[in-house]
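Right, one structure below, let's go through it.
The values are calculated or read from the model by the stated rules, or taken from the named source; none is laboratory data. In this text the structure is predicted, and so the values were computed from the model without any measurement. So basically every Cβ, Gly included, is an ideal-geometry build from the backbone, and we count neighbours across all protein chains shown. For accessibility, only protein heavy atoms count, side chains too; no ligands or nucleic acids. Shrake-Rupley method; radii C 1.70, N 1.55, O 1.52, S 1.80 Å.
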Number of protein chains: 2
Amino acid sequence: MTSRISKGKDNNCEKENNHFPCFIPAQRVLNLISKKWSIQLIYILKDCKRVRYKNLKKQLHRGLRIGKISDATLSSRLAELMKEGIIDREVFAEIPPKVEYYLSQKGEVLSEVITPLIDWTIKNCHEENLET
Amino acid sequence: MTSRISKGKDNNCEKENNHFPCFIPAQRVLNLISKKWSIQLIYILKDCKRVRYKNLKKQLHRGLRIGKISDATLSSRLAELMKEGIIDREVFAEIPPKVEYYLSQKGEVLSEVITPLIDWTIKNCHEENLET
């Protein structure tokens, strides 16, 4: 493997342009994690390591005061996170079938680098709303 | 001021629910910064401290290989970031009018907490694309 840096996957990404960093990869990750349930899924998988689909759904509901997560939404969010290589899954050859979801190595790093942002937004929101 | 934590602005936000953190404020910030040009604007203002509109636009173009940013998009992004209290502006009583944009105190903290994410996405994208 050489150390030569190539253009990104989409052929539109360079490390920098005129000494201005290339924000295309950051944009791609932000677009993904800004979708509803993405950060909650990363949070649960970071905490629980390996989780089955049913348990994942149950844990997402734990954080809700109202409403439900549809299977269609949850499945599509899991598929998007898998496509981006953030989560992975293992299928066990059992009857009934058993599937476990977990953070990939990339997902574990992502969960670390978004922690300061998540912690601050939670703290900041509730400080703003301190009652006088 | 008491230390009692109230519900968030939108009356839908609590610090946690059944020991699961409330991700509503994180979601709000992610929705905003995942919009095109938001992270670039925060990056420029972090670097340059105070910037006039024309210079802001010029600097955004510096990072582009192709394309242009429309005034409508740039103005609406600036307005959204101001509404959320992330950037602020000072209007000088001069002819021609002079307006300077800068990061608010909240914006400065935000620029710090998103740095690990941005740095990692840039590094990670280009590492993935190392040629063999």
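Going through segment A:52-68 one residue at a time, which ones are crowded, with 19+ Cβ neighbours inside 10 Å and within 22 Å of A:Glu84 (Cα to Cα)?
Correct list: A:Leu56, A:Leu60.
Considering only residues that are β-branched (Val, Ile, Thr) and farther than 17 Å from B:Val51 by Cβ, look in segment B:76-110 and name the one that is most open to solvent (accessible area, probe 1.4 Å).
Of the residues in segment B:76-110, the ones β-branched (Val, Ile, Thr) are B:86-87, B:91, B:95, B:99, B:109.
Next, from what is left, pick out any that are farther than 17 Å from B:Val51 by Cβ: B:95, B:109.
Numbers: B:Ile95: 170, B:Val109: 60 Å².
Going through the qualifying residues, I end up with B:Ile95.
Is there a residue in segment A:88-100 that is more than 14 Å from the chain's Cα centre (by Cα) and closer than 23 Å to B:Asn31 by Cβ?
Among the residues of segment A:88-100, not one is more than 14 Å from the chain's Cα centre (by Cα) and closer than 23 Å to B:Asn31 by Cβ, which makes the answer no.
Pick from segment A:30-49 the residues that are open to solvent by less than 10 Å² (accessible area, probe 1.4 Å) and out of contact with any strand residue (DSSP E or B) (no Cβ under 8 Å at 6 or more places or on another chain): which of them is nearest to the other protein chains (Cβ to nearest Cβ)? It would help to see each step written out before you state the result.
At the first step, the residues of segment A:30-49 found to be open to solvent by less than 10 Å² (accessible area, probe 1.4 Å) are A:30, A:33, A:38-39, A:41-42, A:44-45.
From what is left, the residues that are out of contact with any strand residue (DSSP E or B) (no Cβ under 8 Å at 6 or more places or on another chain) are A:30, A:33, A:38-39.
Working: A:Leu30: 4, A:Ile33: 6, A:Ser38: 9, A:Ile39: 6 Å.
The residue in question is A:Leu30.
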